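Trainee: Okay, handing you the structure first.
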Amino acid sequence: MTEIEKFYYSFNQEVATLQLSDENGESQEQSFTRVCLDMLTQVNETYNAVVAYDEKGLGTKGQHKINGYAISENCDTIDLFISIFTPSDNIESIEKAQIDRGCTRITNFFSKSFFNNYENEVAETSSIFEFAHQLATSQVIRNNLIRVNAFILTNNRYKGEIPLPKEVNGHKIFYNIIDIDKLYSISDQSRLPIQLDLTEHNIKPPCLPIPTGTEDYDGYLTFLPGSFLALLYEQYGFKLLEQNVRSFLQFRAGINRGIKDTIMKRPQMFFAFNNGISATADKIELDETNTYIRKIDNLQIVNGGQTTATLFHTSKEAKENIDHVLVPVKISVINNSENSYEIVKYISKFANTQNKINDADLSANDPVLVEIEKMSRYMLTPITGNAQHYWFFDRISRQYDNLLSQNSKSKTRKKAFELKYPKVCKFTKYELAKFYNSYYELEENGKIVVGPHCVVDGNEVNFRAFRDYVMPNLEVNQVFYEDLIAKAILFKDVDKRHGTKRSKTPPIGDMKQVMVPYSIALLKIATNGCLDLAKIWKKQQVSEELSDYMYNLMVRLNQYLKDNTPRSNIIEWATKEDCWVKVKSEFQIPDTASIKDDICSKVDMEQRYATENDFDSEYHELCTQLVSSIDYVTWLRIAEWGKDSGCLSLSDQNSAKNIAHKLKFDYKFNRQEIEKAVIIYEITSRNNYEIFIEEIEKENSDAQLSKEHVMKMLAWEKTLLVLDGWQFKIVQQSILIDKYSKFRENELLLMKKKLIDNGFEIT
């Protein structure tokens, strides 16, 4: 038995087991759909996918069918799923006619729902009603929608051509065939690469193989029509640019404006004026004569993302025909997967000559920075002022601006985005290095290679120090991220307190770029490395005492440097290691008595880092217990309430439904899904806690939390006010109950964790 046959057998067993466990008699096809959507979610091919079945008129001209759907969070992408499942012990082939019929059915569903108010023909109790209603009525979707992806899911093997995109009233529908081979690839490689068959697009780009002199990669030169590249960007979006170090710079960059002008005014000159695109691929297939490219596997644009995005946006916004635009393309087929990251990085560095690219951008795809970005997207801040938000790490330049632009078509959506990701909480790679290096010192071979003097020396020098000496040894986890944000908050506060000429109050001096990193570095020395960063993270601000302390420290430091600098240019002197050594040894740091509450003990500090994994897993486990203790029926009610009240976004509504489905069929949750579920629970609790009445009233003979313990929690909370208002009410109400339901107990345990993190001690 081959590996794929083994996979096929176990895959079918999973589908059968899932179907048998369903109490409502779900069809095998829908169980198959669930397994497929879970796999596609795991490789980020879709998000928040909901299994929902509907069919009508099969075998007739207007026939339609759908097995599932997903709407992206910013509503620019809709994923449609239709399944073709064959119960068989052996892998069978599927004919193109069946695929074409599947494409027709799913396309008809979209057309009927989006343009013909199909919602009026569907019962409100139907699993597809909400989706049909959203397609028919949501102005957010109509304003933001860029692409519609139709996935044909099958446990068969398909060897035919992928159907070309179809335009339905101005919206292109892109078809994707997920057959058993692709499902196996997902399970084996944890990804679904972009595979292009150029013959299906009726293009034959001539190709010149280039002898590279190395086995690491093969080189090819070609050109591609601008219309084809625009189509790829429309279909795949940022997935096409995963290896690219920057996001779209929009038309503000001079180069991008120049590209747009060339497209609009002199398209025939594009090949001559534009430096073209540098891309990587896993494999290229040429025709029999080795003259033309037929297929490209896993195409990734490394340099030329701006050109590609500009082609798309110009064709859409300016309604320009770009069929005659020809773009030079250099493709490197990477043969050595182990060195792939380094090869791609240097391709970016040396191939780019248009929009200036710097060291920070070249490191954009470093695994450490990718991990920090991931954490910034799912780690909410603690509740402060009855609100929560995210810090936004702009790993790829202009990411934030592009997302803001996408959400600016509607005032409501723009406001929601800015509340979720406040602009003041955005930070770049350069700022990341500033925040970290101001608080960190590293000596190597008797030389201080990382310290505040590096920060003073400018963005490029400082980032190189961070990249070369810090990043290789970083372990990105929850505590690291919390501390990083705390350092960001500290840096921003110190920067603000120093002031500028435009400040309401006069600045301390004209050496802010020296004062801020040097004073933070001195603070670390003054506190013996025990500044309570956890407190700053929890409060999302520094205390008044600490802020005042830093102001006074900068006043003294400013005068000290004026009196003790052996050079006329103090700022230049501050870039030198000797300056920092002198300041460390001679400057009299103010007494820290006024900030004693901002300093923790060495033991607490060491314990915090030593138990990071336990801490992380404990919180995740408590959240998982809470989410799982809410019945799937209640999660469906939450989704319905969120729609009716407007308190939940479309994405949150679909998340609630997805949670319900996963609970019903006993699917495991990943960390991101649990985080999302807790956010939805908190929004619901804040606005309509009555929805949980049935969960509260359920009996639980195994409850371990006593009323006496809850009373201690309440007494402690009254003194420090750590909990949100609605959380306090829950604790208050709970002292009137003798036995807690599993749901209520899990709520209280999660609140207890929050109290413990803020100093509550169990006696």
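The values are calculated or read from the model by the stated rules, or taken from the named source; none is laboratory data. In this text, all values refer to a predicted model and were calculated from it rather than measured experimentally. Cβ: placed from backbone, ideal geometry, glycine included. Neighbour counts: every protein chain shown.
Conditions tested, residue by residue: (1) within 30 Å of N402 (Cβ to Cβ); (2) at pLDDT 95 or above.
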{"site": "N74", "(1), (2)": "yes, no"}
{"site": "I78", "(1), (2)": "yes, no"}
{"site": "F81", "(1), (2)": "yes, yes"}
{"site": "T86", "(1), (2)": "no, no"}
{"site": "N120", "(1), (2)": "no, no"}
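Trainee: Regarding the range 741-751, can at least one residue be identified that is hydroxyl-bearing (S, T, Y) and part of a helix (DSSP H, G or I)? First the steps, then the outcome.
Mentor: Let us first name the residues in the range 741-751 that are hydroxyl-bearing (S, T, Y), namely 741.
Adding the requirement that they be part of a helix (DSSP H, G or I) leaves none.
Taking every residue of the range 741-751 in turn, none turns out to be hydroxyl-bearing (S, T, Y) and part of a helix (DSSP H, G or I).
Trainee: Another question, if that's okay. What is the residue count in the range 135-164 for residues that are of a type outside the set (S, T, N, Q), in contact with a helix residue (DSSP H, G or I) (Cβ under 7 Å, 6 or more places away or on another chain) and farther than 22 Å from V35 by Cα?
Mentor: Qualifying residue count for the region: 11.
Trainee: If you check K501, K496, which single one turns out to be assigned by TED's automatic domain parsing to the domain that holds C530, without any contact (Cβ under 8 Å) to a residue 24 or more places away in the chain and either farther than 17 Å from V542 by Cβ or not in a helix (DSSP H, G or I) (or both)?
Mentor: Working: K496 fails: either farther than 17 Å from V542 by Cβ or not in a helix (DSSP H, G or I) (or both).
Of K501, K496, the one residue that is assigned by TED's automatic domain parsing to the domain that holds C530, without any contact (Cβ under 8 Å) to a residue 24 or more places away in the chain and either farther than 17 Å from V542 by Cβ or not in a helix (DSSP H, G or I) (or both) is K501.
Trainee: How about the range 686-739: which of its residues are among the hydroxyl-bearing types (S, T, Y) and either closer than 20 Å to K538 by Cβ or part of a loop (DSSP other than H, G, I, E, B) (or both)? Explain how you work it out, then say what you get.
Mentor: Residues of the range 686-739 among the hydroxyl-bearing types (S, T, Y): 689, 701, 706, 719, 734.
Within the range 686-739, S701, S706, T719 qualify.
Trainee: Taking the range 57-104 on its own, how many of its residues are crowded, with 22+ Cβ neighbours inside 10 Å and part of a helix (DSSP H, G or I)?
Mentor: Number satisfying all stated conditions: 2.
Trainee: Exactly one condition in (1) within 17 Å of K65 (Cα to Cα); (2) buried (at least 17 other Cβ atoms within 10 Å of the Cβ) is not met by L145; state its number.
Mentor: (1)
Trainee: Give me the residue from the range 271-303 that is among the β-branched types (V, I, T), free of Cβ contacts under 8 Å to residues at least 60 places away in the same chain and assigned to a strand (DSSP E or B) and, out of that set, nearest to H201 (Cα to Cα).
Mentor: Within the range 271-303, the subset among the β-branched types (V, I, T) is 277, 280, 284, 289, 291, 293, 296, 301-302.
Keeping just the survivors that are free of Cβ contacts under 8 Å to residues at least 60 places away in the same chain gives 277, 289, 302.
Now narrow it down to the ones that are assigned to a strand (DSSP E or B): 277, 302.
Numbers: I277: 20, V302: 23 Å.
Out of the qualifying residues, it is I277.
Trainee: Here's a follow-up. What tally of residues in the range 40-55 results from selecting those that are surrounded by fewer than 17 Cβ atoms within 10 Å (Cβ to Cβ) and either free of Cβ contacts under 8 Å to residues at least 12 places away in the same chain or assigned to a strand (DSSP E or B) (or both)?
Mentor: First, pick out the residues of the range 40-55 that are surrounded by fewer than 17 Cβ atoms within 10 Å (Cβ to Cβ): 42-44, 55.
Subset that is either free of Cβ contacts under 8 Å to residues at least 12 places away in the same chain or assigned to a strand (DSSP E or B) (or both): 44, 55.
Number of matching residues: 2.
Trainee: Tally up the residues in the range 572-586 that are touching a residue at least 12 places away in the same chain (Cβ under 8 Å) and surrounded by fewer than 17 Cβ atoms within 10 Å (Cβ to Cβ), please.
Mentor: 4
Trainee: Can you say whether K447 is surrounded by fewer than 19 Cβ atoms within 10 Å (Cβ to Cβ) and not hydrophobic (A, V, I, L, M, F, W, C), as far as the supplied structure shows?
Mentor: Numbers: surrounded by fewer than 19 Cβ atoms within 10 Å (Cβ to Cβ): yes; not hydrophobic (A, V, I, L, M, F, W, C): yes.
When the stated conditions are applied, K447 passes them.
Trainee: Follow-up question, since we're still on this one. Given the structure, is Q625 under 33 Å from the mean Cα position of the chain (by Cα) and not in a helix (DSSP H, G or I)?
Mentor: Values: under 33 Å from the mean Cα position of the chain (by Cα): yes; not in a helix (DSSP H, G or I): no.
Answer is no for this residue.
Trainee: Here is a follow-up. Name, by its number, the condition in (1) within 30 Å of Q268 (Cα to Cα); (2) surrounded by fewer than 20 Cβ atoms within 10 Å (Cβ to Cβ); (3) among the small types (G, A, S) that does not hold for A230.
Mentor: (2)
Trainee: Next question, about the same structure. Tally up the residues in the range 736-755 that are surrounded by fewer than 13 Cβ atoms within 10 Å (Cβ to Cβ) and either under 15 Å from L622 (Cβ atoms) or β-branched (V, I, T) (or both), please.
Mentor: Number satisfying all stated conditions: 0.
Trainee: In the list M550, M554, which residue meets the criterion of being surrounded by 16 or more Cβ atoms within 10 Å (Cβ to Cβ), in the same structural domain as I520 (by TED's automatic domain parsing) and closer than 24 Å to V461 by Cβ?
Mentor: One residue alone meets the criteria, M554.
Trainee: Also, quick follow-up: Tell me, yes or no, whether the range 504-511 has at least one residue that is over 34 Å from the mean Cα position of the chain (by Cα) and part of a helix (DSSP H, G or I). Walk me through it before giving the result.
Mentor: First pass over the range 504-511, keeping only residues over 34 Å from the mean Cα position of the chain (by Cα): 504-511.
Narrowing further to those that are part of a helix (DSSP H, G or I): none.
No, every residue in the range 504-511 fails to be over 34 Å from the mean Cα position of the chain (by Cα) and part of a helix (DSSP H, G or I).
Trainee: Report whether or not K753 is under 30 Å from D604 (Cβ atoms), out of contact with any helix residue (DSSP H, G or I) (no Cβ under 7 Å at 6 or more places or on another chain) and of a type in the set (K, R). Full working, then the answer.
Mentor: On the way: under 30 Å from D604 (Cβ atoms): yes; out of contact with any helix residue (DSSP H, G or I) (no Cβ under 7 Å at 6 or more places or on another chain): no; of a type in the set (K, R): yes.
Taking the combined requirement at face value, the residue does not satisfy it.
Trainee: Then there is this: Which one of these is part of a helix (DSSP H, G or I), outside the structural domain of A16 (by TED's automatic domain parsing) and touching a Gly at 6+ places or on another chain (Cβ under 9 Å): A660, A656?
Mentor: Values: A660 fails: touching a Gly at 6+ places or on another chain (Cβ under 9 Å).
Exactly one of A660, A656 is part of a helix (DSSP H, G or I), outside the structural domain of A16 (by TED's automatic domain parsing) and touching a Gly at 6+ places or on another chain (Cβ under 9 Å), namely A656.
Trainee: Name the residue, out of N459, N445, N473, N477, that is within 29 Å of the chain's Cα centre (by Cα), free of Cβ contacts under 8 Å to residues at least 24 places away in the same chain and assigned by TED's automatic domain parsing to the domain that holds R556.
Mentor: Working: N459 fails: free of Cβ contacts under 8 Å to residues at least 24 places away in the same chain; N445 fails: within 29 Å of the chain's Cα centre (by Cα); N477 fails: free of Cβ contacts under 8 Å to residues at least 24 places away in the same chain.
Result: N473 is the single residue among N459, N445, N473, N477 that is within 29 Å of the chain's Cα centre (by Cα), free of Cβ contacts under 8 Å to residues at least 24 places away in the same chain and assigned by TED's automatic domain parsing to the domain that holds R556.
Trainee: State all residues of the range 752-763 that are part of a helix (DSSP H, G or I) and of a type in the set (A, V, I, L, M); if no residue qualifies, say none. Steps first, please.
Mentor: Keep residues of the range 752-763 that are part of a helix (DSSP H, G or I), which gives 752-757.
Correct list: L755, I756.
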